[in-house]
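What follows is a single structure, written as structure tokens, with notes after it.
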Amino acid sequence: MLFIVAKMGYFPVARPAINVGAGWLFLLWIADITWVKPKQNTVKVEQQDLPNNLEMES
């Protein structure tokens, strides 16, 4: 993949494609931080939802 990006960067016509790709990666990263990761931390398990005979292994 690095080889392909380097080859695209060598030709001036293809440089905007690298910039657009980097922009998409940046937007996806911001969306991941903003919407995806906070939702992962909101799952709560209450004690009454667990079976009574559940034993934790150490």
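The values are calculated or read from the model by the stated rules, or taken from the named source; none is laboratory data. Just so it is clear, the structure is predicted and the values come from calculations on it, not from any experiment. Note that we place each Cβ from the backbone using ideal geometry, even for glycine, and neighbour counts take in every protein chain shown. Note: areas computed on protein heavy atoms with side chains; ligands, DNA, RNA excluded. Shrake-Rupley method; radii C 1.70, N 1.55, O 1.52, S 1.80 Å.
Solvent-accessible surface (1.4 Å probe) assigned to V5 amounts to roughly 60 Å². Stretched out straight at 0.36 nm per residue, the stretch from F11 to L28 would grow longer than its current Cα-Cα span by 3.5 nm.
Under 15 Å from the Cβ of G21, count the other residues' Cβ atoms, weight Lys and Arg +1, Asp and Glu -1, and hand me the total. So the surrounding residues net to +2.
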